[in-house]
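Just below is one structure, and these are the notes that go with it.
The values are calculated or read from the model by the stated rules, or taken from the named source; none is laboratory data. On a predicted model such as this, the values are computed, not experimentally measured, just so you know. Cβ placement follows ideal geometry from the backbone for every residue including glycine, while neighbour counts extend to all protein chains displayed. Surface areas here come from the heavy atoms of the whole protein model, side chains and all, with no ligands, DNA or RNA. Shrake-Rupley method; radii C 1.70, N 1.55, O 1.52, S 1.80 Å.
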Amino acid sequence: MTRMDDLVVVGAGPYGLSIAAHAAAAGLGVRVLGRPMASWRDHMPEGMFLKSEPWSSNLSAPGGRHTLGEYCAGLGVAAEHGSPLPIGTFSAYGLWFARRAAPEVEEVTVTEVTPQGEGFLIRTAEGPPLLARTVALAVGVMPFTRYPEILRELPPGHVSHSSDHRDLARFAGLDVAVLGAGQAALETAALLAEAGARPSLVARRARLNWNTVPQPLERPLKRSLREPHSGLGTGWRSWVWSELPWAVRRLPAPTRERIAATALGPAGAWWLRERFERRVPALLGHRLERATAVGGRTRLGLITTAGESVVLETAHVVAATGFAPDLRRLELLDARLRAALETVGDGGTPELSAGFESSWPGLFFAGLLTAPSFGPSMRFVHGAGFTAGRLVRGVRKRLGARGPLPGSTGGARADRAAAGHP
């Protein structure tokens, strides 16, 4: 008979690993399914840097252990405020965290999560099905890549998403149009130029927004009160999104949806500006109207804010247009279950309890899909610190705070996490 675990976490990125660390420390029988730090290891080009500050980029373990700063100190690498870290360093930190704080990750591909009895059946591409009393979906952003509809009719090879590329050297010597105005677009364009490509940026915005050099952590009291630091930046608005997700959840659904869609809008990191402006021409205030394949090239029809038509021909188009959370795109979740979930307003994201539980008992969500419930911090690694402990408390509440099931390995996993052993 298949064992029924207390909790199965689907996804092994910052949110999934953080949830697993808290669940193991709480004595739950927990399994983690997925490729550790997959989005960071497989879907970000070589040479990218972490935009957030090192002190606000920690995965979450009970007691605040296993921080990014601790990992970097062990390598003799400085993790300092105002000094960006390579994405590769952060990815390696996530793997280090997984070895010390969480149960061993099972690198399988989850294909189906469906209700069964009072729990869930989880199927994978690699092995027999699993049974769980509760499930936490921490699937990251990759199921939710957003493309302009106009690009969807282009043949394969003409267009890609910014998250499709680990190595941009394949574009050396080619014209590449990068669509977007956020960090992914700006950094991808700069890296393309540095790899020998000829990128140009196309954005609807009339001007690009750039973050300013971060203020020192130690400042006069008056200045700190006027513009407090937070995990999402400086200022009271950022502080609210960073530190009070529970308060955001209490707002009316339309307000939460608007905040999730508009707060902390597209902007480039301060350290990227010179690299970008020196190498990349930008067509600002240009809206994409049409896209046509012409032989091996792509012809983009653009409209300026003044209504003028502009034609741009390019060898390839990279859509750095972000991610749009939508339950309908979460194909691993049983279709009838998806259709039954209560959603935030008229949107496609789940309405959640204070413990991140959906309207389907025992089904929990973490990460991007929770932004319209808890605010924009759920789009960033920083949000894992708020999510992990509360979600595990929600799981324990759903389980009746019974602790591990008889015969489960929850206690051993908790000992391993508490001791910090790999």
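Say R0 is 35 Å: what FRET efficiency, to the nearest 0.05, do residue 42 and residue 218 get from their beta-carbon distance?
0.40
Only sites in a loop by DSSP and with at most 10 other Cβ atoms within 10 Å count here; which chymotrypsin sites (Phe, Trp or Tyr not before Pro) in region 16-57 make the cut?
Within region 16-57, no chymotrypsin sites (Phe, Trp or Tyr not before Pro) qualify (loop, at most 10 other Cβ atoms within 10 Å).
Given the options 342, 104, 118, state which has the largest fluctuation in a GNM of the chain using a 10 Å cut-off (strictly under) for Cα springs.
Maximum among the listed residues: 118.
What's the extension gain from residue 299 to residue 336 if we count 0.36 nm per residue and subtract their Cα-Cα distance? Each step should come with its number before you reach the end.
Details: separation 37, 0.36 × 37 = 13.32 nm, distance 4.12 nm.
So the chain would gain 9.2 nm between residue 299 and residue 336.
So what is the relative contact order of region 243-302, in percent, for Cα pairs below 8 Å that sit 6 or more residues apart?
Relative contact order of region 243-302: 17 percent.
Which whole-number value in Å² is the accessible area per residue of region 291-412, probe 1.4 Å?
Per-residue value: 41 Å².
What does the charge add up to near residue 263, with Lys and Arg as +1, Asp and Glu as -1, over the other residues with Cβ less than 15 Å from its Cβ?
Details: positive: 237, 249, 256, 258, 379; negative: 243, 257.
It works out to a net charge of +3.
What's the magnitude of the charge dipole for the chain around its Cα centre, counting Lys and Arg as +1 and Asp and Glu as -1 at the beta-carbon? Answer in Debye, nearest 20.
800 debye
Run the helix sum for the chain: -39,500 (n - 2.57) per DSSP H stretch of 4+ residues, divided by residue count, reported at 222 nm to the nearest 500 deg cm²/dmol.
Rounded to the nearest 500, the figure is -8500 deg cm²/dmol.
Between region 255-295 and region 90-137, what's the alpha-carbon centroid distance in Å?
Going from one Cα centre to the other spans 35 Å.
Using Cα-Cα distances under 8 Å and only pairs 6 or more residues apart, what relative contact order does region 202-353 have, in percent? Could you put the intermediate results ahead of the total?
Details: 158 pairs, mean separation 31.8, N = 152.
Value for region 202-353: 21 percent.
Report the net charge of residues surrounding residue 291, where surrounding means a beta-carbon distance below 14 angstrom and charges are Lys +1, Arg +1, Asp -1, Glu -1.
Neighbour charge sum, excluding residue 291 itself: +1.
Given 0.36 nm per residue, what is the gain on full extension from residue 287 to residue 243 after removing their alpha carbon distance, in nm?
On the way: separation 44, 0.36 × 44 = 15.84 nm, distance 3.58 nm.
Taking residue 287 through residue 243 to full extension adds about 12.3 nm, to one decimal.
Using only Cα atoms, locate the centre of region 167-242 and the centre of region 348-369, then give the distance between them in Å, rounded to an integer.
Going from one Cα centre to the other spans 30 Å.
Just subtract the alpha-carbon distance of residue 311 and residue 225 from 0.36 nm times their residue separation and send over the number in nm, one decimal. Spell out each step's value before the answer.
Values: separation 86, 0.36 × 86 = 30.96 nm, distance 4.95 nm.
So the chain would gain 26.0 nm between residue 311 and residue 225.
Relative contact order of the chain, please, whole-number percent, based on alpha carbon pairs below 8 angstrom and at least 6 residues apart.
Relative CO of the chain lands at 24 percent.
Hey, in the GNM for the chain with a 10 angstrom Cα cutoff, which one of 226, 123, 275 fluctuates hardest?
226
Tell me the carbon and sulfur percent of the accessible area for the chain, rounded to whole percent, probe radius 1.4 Å.
53 percent
Can you tally the net charge around residue 64? Count Lys and Arg as +1, Asp and Glu as -1, for every other residue whose Cβ sits under 14 Å from the Cβ of residue 64.
+1
In a Gaussian network model over the chain where Cα atoms closer than 10 Å are linked, find which of 332, 85, 75 has the largest mean-square fluctuation.
Looking only at 332, 85, 75, the largest GNM fluctuation is found for 75.
Considering only DSSP beta bridges where both residues belong to the chain, give the percentage that are antiparallel (nearest 5).
50 percent
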